[in-house]
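The values are calculated or read from the model by the stated rules, or taken from the named source; none is laboratory data. Every value quoted in this text rests on a predicted model; they were computed, and no experiment measured them. With ideal geometry, Cβ positions are generated from the backbone for all residues, glycine too; neighbour counts draw on all protein chains shown. In case anyone asks, the SASA skips ligands and DNA or RNA and just uses the protein heavy atoms, side chains included. Shrake-Rupley method; radii C 1.70, N 1.55, O 1.52, S 1.80 Å.
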Amino acid sequence: MEISTRQKIIDDLLPKKFGVKGRLWVLALLIICIIGAIGYYRQLTQGLIVTDMRDYASWGIYISNFVFFVAISLVGSLVTAVLRIVNFGWSTPLTRIAEIIAISAITFASLIIVVDMGRPDRFYNLFIHTRLQSPIVWDVVVITTYFFISLLLLYFPLLPDLRIMINARKDAGKRRGGIYSFLGSFWKNTPQQIEVSKRSVQILCVTIIPVAVAVHTVTSWLFATTYRPGWDSTNFGAYFISGAFLVGSGAILVAMYVFRYAYSLEKYITATHFDKMGKIVVMLALVYLYFNLNEFLVPAFKMKKTDADHLLGLFRGTYSRVFWFALSNSMFIPILILIFRSGRKPFPAFIAGTLVVIGSWFKRYLIVTPTLLHPFLPMYDVPESYKHYFPSWEEWAVAMGSLAGMLLIVAVFARLFPIIPIQETITEIEEDEKA
């Protein structure tokens, strides 16, 4: 590779300062986070009474957000691990995007659980009085493990890029230059270091796949091991995992388009990437549709009283509009868009990915709320407020603040580090030239 070509790639992919739109985006996210912090402060000082959660709907929008964050975090294992192992070289520009989405999502999945507790000062009891019989303990273990493996999968491939940034950015400023030196000054790009890094990444890629499957399987067990209509299902593990891969892939389509547009990365995130990711989303949407049919068709066929109340509430009752909106946006419309080649071009694929993400969030809301309001034992002699649930403004503020916080981590990372791996891109081009 010519030196000028190598330098052009480095200049294209080095992190850039935010423009006006970037600064406004970060400011908007910060404002939403502050509003969320205010809502959480009110909850801390006044208690969970400021929410609309009561004895029956004890899990509300917070747990919906938790399941959504855990789901979207699985994209790291899909793009980084699975596509690496099967040697799909085209996925290289997407790996770092996937990993930072995974890390930011799993971080806020952990935080939102603390928010839902109401008394965060009692969190230590989980460790002092651990019971291995509890799926909650299993969830803590697998989520923590997944977080650290994802962090390593982000860090190891970043090391060669840190060396490039240390050499290329003498004017990075003391703070950023200090961050780069602290994280990567030991990396000399020697053959021994490169070999150790490759082996480590391969081991982590193999390790993270069962851990990722365990993360969402255990999350599904938090529901399935609770005796409630709508949750009493042996289908939940596969149902959750298939949905998680779908929403994660949809998020990748959105992030690809945003970074491609914001940083002029058309040469690196090409129409081919959208075409291939679009095909993956179609496949995952069809798989998820299959598990949805299993989840609803079997109990609908038997129509036991408690299941009937729950299903009729979804199909044509109180939650029917949200239910059909969620299904249409997360599966039906994206499939109709992406199944055609013209729909897998960048902008239509971005629209389809956005619909998947939005529809999937509402799908998680429907998994939590209607079931809690249809217990096996009928509600007698309880206040009217116990029979309904709609999040208070404090709940909405905290939920939106957590979503904004996740996006803020992604934005800050893109400001400090290359969002597309520089060294891996150079290596791939060199190998293509040799071939």
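For the pair the range 37-65 and the range 398-435, the centres of their Cα atoms are 34 angstrom apart.
At a threshold of 8 angstrom on Cα-Cα distance, excluding pairs fewer than six apart, so keeping six or more, what relative contact order does the chain reach in percent? Write out the running numbers ahead of the final one.
Working: 571 pairs, mean separation 141.8, N = 435.
Computed over the chain, the figure is 33 percent.
Protein heavy-atom accessible surface, 1.4 Å probe, per residue over the range 21-135: 45 Å².
Using the Cβ-Cβ distance between residue 155 and residue 380 with R0 set to 56 Å, the FRET efficiency works out to roughly 0.50. Put 75, 26 in order of accessible area, highest first, and with a 1.4 Å probe you get 26, 75.
The candidate values are (1) 163; (2) 177; (3) 140; the one derived from this structure for volume of the Cα convex hull per residue in Å³ carries the label (1). Dipole of the chain computed with +1 at Lys/Arg Cβ and -1 at Asp/Glu Cβ about the Cα centre; of 200, 264, 40, farthest Cα towards the positive end is 264.
Against the main long axis of the alpha-carbon atoms of the chain, helix 305-315 sits at an angle near 50°.
If the only charges are +1 at each Lys and Arg Cβ and -1 at each Asp and Glu Cβ, what is the size of the charge dipole of the range 276-347 around the Cα centre, to the nearest 20 debye? Walk me through the intermediate numbers first.
Working: 10 positive and 3 negative charges, 69 e Å.
I would put it at about 340 debye.
Each Lys and Arg contributes +1 and each Asp and Glu -1, all at the Cβ; summed about the Cα centre of the chain, the dipole is approximately 700 debye.
By how many degrees, between 0 and 90 and to the nearest 10, does the Cα long axis of helix 393-416 differ from the longest principal axis of the chain? Between helix and principal axis, roughly 10 degrees. Spacing of the modelled spin labels on residue 129 and residue 117, each 7 Å from Cα toward Cβ, amounts to 1.2 nm. The convex hull around the C-alpha trace of the range 119-224, projected and averaged over every direction, spans 10.0 square nanometres. Axis angle, to the nearest 10 degrees, between helix 422-434 and the longest C-alpha principal axis of the chain: 60 degrees. At the residue level, residue 337 shows approximately 40 square angstrom of accessible surface with a 1.4 angstrom probe and all protein chains present. Using only side-chain charges placed at the Cβ, +1 for Lys and Arg and -1 for Asp and Glu, the dipole size of the range 40-179 relative to its Cα centre rounds to 600 debye. Heavy-atom accessible area for residue 121, with the other protein chains in place and a 1.4 Å probe, reaches approximately 80 Å². The simple Förster model, with R0 at 60 Å and r as the Cβ-Cβ distance, assigns residue 181 and residue 227 a FRET efficiency of 0.60.
Of 16/267; 279/345; 276/363; 345/434; 198/434, which pairs sit farther than 23 Å apart, going by alpha carbon to alpha carbon?
Working: 16/267 17 Å; 279/345 11 Å; 276/363 25 Å; 345/434 30 Å; 198/434 21 Å.
Cα-Cα > 23 Å for 276/363; 345/434; rest within.
For a Förster distance of 25 Å, can you work out the FRET efficiency between the beta-carbons of residue 28 and residue 415, rounded to the nearest 0.05? The computed FRET efficiency comes out at 0.95.
Within the set of other residues whose C-beta is less than 13 Å from the C-beta of residue 263, count the net charge using Lys and Arg as +1 and Asp and Glu as -1. The partial results should precede the final answer.
Details: positive: 16, 17, 21, 96, 260, 267, 415; negative: 11, 12, 266.
My count for the surroundings of residue 263 gives +4.
Solvent-accessible surface of the range 288-435, taken per residue with a 1.4 Å probe and all protein chains present: 49 Å². Here the range 131-195 and the range 330-348 have alpha carbon centers that stand 35 Å from each other.
Between residue 38 and residue 312, the modelled labels are 4.4 nm apart [label points 7 Å from Cα along Cα→Cβ].
Report the gain in length on full extension from residue 193 to residue 261: 0.36 nm times residue separation, minus Cα-Cα distance, nm rounded to one decimal.
Roughly 21.0 nm would be gained on extension.
Taking label positions 7 Å along the Cα-Cβ direction at both residue 297 and residue 434, the computed distance is 5.1 nm, reported to one decimal. Among 134, 159, 185, whose Cα sits farthest toward the positive end of the charge dipole of the range 132-196 (+1 at Cβ of Lys/Arg, -1 at Cβ of Asp/Glu, about the Cα centre)? Result: 185.
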